[in-house]
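The values are calculated or read from the model by the stated rules, or taken from the named source; none is laboratory data. Just so it is clear, the model here is predicted, and its values are computed rather than measured. Here the Cβ positions follow ideal geometry from the backbone for every residue, glycine too, while neighbour counts run over all protein chains shown. All accessible areas refer to the heavy atoms of the entire protein, side chains included, with ligands and DNA or RNA removed. Shrake-Rupley method; radii C 1.70, N 1.55, O 1.52, S 1.80 Å.
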Amino acid sequence: MTDIEKAAEIIQEGGLVAFPTETVYGLGADALNPLAVARIFEVKNRPQFDPLIVHVADVRQAEILVLKFPEKALRLMEKFWPGPLTLVLPKSNLVPDIVTSSLPNVAIRVPNHPMALELIRQSGRPIAAPSANPFGGVSPTTASHVRQSLGSKVDMILDGGPCGIGVESTVLSFAGREPVLLRPGGLPLEEIQSLIGKVSLEAATSEKPLAPGQLLNHYAPRTMLVLDIPPADLPRDKKIGLLAFQKPEDPSAYAWVEVLSPSGDLREGAANLFAAMRRLDEKNLDVIIARLVPNEGLGRAINDRLTKASRKSN
Ligand code: TXA
Ligand code: MG
């Protein structure tokens, strides 16, 4: 039996499988089995008011979970699925309430990763999966990240190597009349807007958690992370780490430096982001200073994660 066949059986039996996608690793269970989905919330320590994304293998499998598709959603699905785009759409009765936190809409995407697609096909089930990390923590982009934080709590971890994109999918809601960006992510906003026109950004930039998933203090390392403090203002007696985009200014001022992309490529920066945060978190620093990146393309997702990682929970 192959690893994927074994994993598919675990899903069918109501177990939990961590699996690779092109964005980050997911913690998957049969989306149609409420008890299996409940275990995801338990293992992640995730509040039940934060709904899950359902992963399907193709548009046909999405059709049974959704009441109707707005025309703009259909165009996006055709162009960007499989890929890092999650659409929030009116749900059919088949989707258990625990998946959507009792919202009338379900978040759906087709991941662009052969192992993820094979797992969904072999199990024959849509797979509900959040990122495979404890709630509020840094998302995993390798199987060993998953092993470190959730290891013994999951039934199986499928290893597909490092995730190519490295930040979570873009979440776009069709719950209202016009599409609303809930979370910037692996599919740049510019590409969405060039296909369907203007998209409301209010939910993704608001200081208040308007929509689920806009919770404060997310994607956070354990070490305090602060944004954009000029080197002259650094405390002298502290062990400071730097998360820089390209060349760090005055590297000698820091105990540890991570550079996201020496050449200034936002795609490379996104792919390195979460692993760099984890390495900084392992260095016993007093504080991590992070520099924001250009707010375009994948830079929007990087800046969103850095901003959320920098917020205090109180
Ligand atoms: O790339 C990704 O999206 C990864 C991989 C595993 O697919 N998954 C992921 O899941 O990032 P998670 O649970 O960490 O983030 C899902 C986001 C949350 O912000 C959640 O609130 C939002 O999607 N969401 C899920 N269902 C929703 C719904 N019905 N209405 C509004 N937002 C929803
Ligand atoms: Mg997450």
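Key figures for this structure:
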| quantity | calculated |
| --- | --- |
| Long-range HN-HN contacts of Gly26 with modeled amide H, under 5 Å | Phe19, Thr21, Ala132 |
| Between segment 224-278 and segment 1-46, the alpha-carbon center distance in angstrom | 34 Å |
| Semi-axis lengths, Å, the chain, gyration tensor of Cα atoms, sqrt of 5 times eigenvalues | 32, 22, 17 |
| DSSP-defined beta bridges in the chain - what % are antiparallel, rounded to 5 | 40 percent |
| Under Karplus coefficients 6.51, -1.76 and 1.60, residue-wise ³J(HN,Hα) of segment 169-179 in Hz, glycine/proline x | 5, 6, 10, 10, 9, 10, 6, x, 6, 10, x |
| Segment 225-313: mean projected area of Cα convex hull, nm² | 5.6 nm² |
| Charge dipole (segment 225-313, unit charges on Cβ, about Cα centre) - positive-most of Gly241, Pro262, Ala309 | Ala309 |
| Sequence-distant residues sharing a close amide H with His113 (under 5 Å, placed H) | Glu22 |
| Angle between the chain longest axis and helix 266-281 axis [Cα atoms, degrees, rounded to 10] | 70 degrees |
| Peptides ranked, highest mean first, by Cβ atoms within 10 Å: ranges 40-48, 237-245 | 237-245, 40-48 |
| For segment 3-201, accessible area per residue (1.4 Å probe, heavy atoms of protein chains only), Å² | 39 Å² |
| Solvent exposure of segment 225-313 as accessible area per residue, Å², 1.4 Å probe | 47 Å² |
| Mean residue ellipticity (222 nm) of the chain, computed from DSSP H runs ≥ 4 via -39,500 (n - 2.57), nearest 500 | -9000 deg cm²/dmol |
| Around Leu74: net Lys/Arg minus Asp/Glu count, Cβ-Cβ under 15 Å | +2 |
| Residue order for Tyr25, Tyr254 - accessible surface, 1.4 angstrom probe, largest first | Tyr254, Tyr25 |
| C-alpha center-to-center spacing [segment 93-152, segment 157-183] in angstrom | 11 Å |
| In Hz, Karplus ³J(HN,Hα) per residue of segment 187-195 (6.51, -1.76, 1.60; θ = phi - 60°; x = Gly, Pro) | 9, x, 3, 4, 5, 5, 5, 6, 8 |
| On Cα atoms only, tilt of 71-80 relative to the major axis of the chain in degrees | 70 degrees |
| Accessible-area order (highest first, 1.4 angstrom probe) of the listed residues Arg267, Arg300 | Arg267, Arg300 |
| Cα long-axis angle, helix 34-44 against the chain (0 to 90 degrees, to the nearest 10) | 10 degrees |
| 5 angstrom amide H check on Leu227, placed H, neighbours 5+ away | Ala290 |
| Pairs beyond 26 Å (Cα-Cα), from Lys247/Lys308; Lys6/Lys91; Lys44/Lys91; Lys239/Lys308; Lys44/Lys79 | Lys6/Lys91; Lys44/Lys79 |
| Karplus-derived HN-Hα couplings along segment 137-154 (A = 6.51, B = -1.76, C = 1.60, θ = phi - 60°), whole Hz, x at Gly and Pro | x, 7, 5, x, 10, 9, 5, 6, 4, 5, 4, 4, 9, 10, x, 6, 8, 10 |
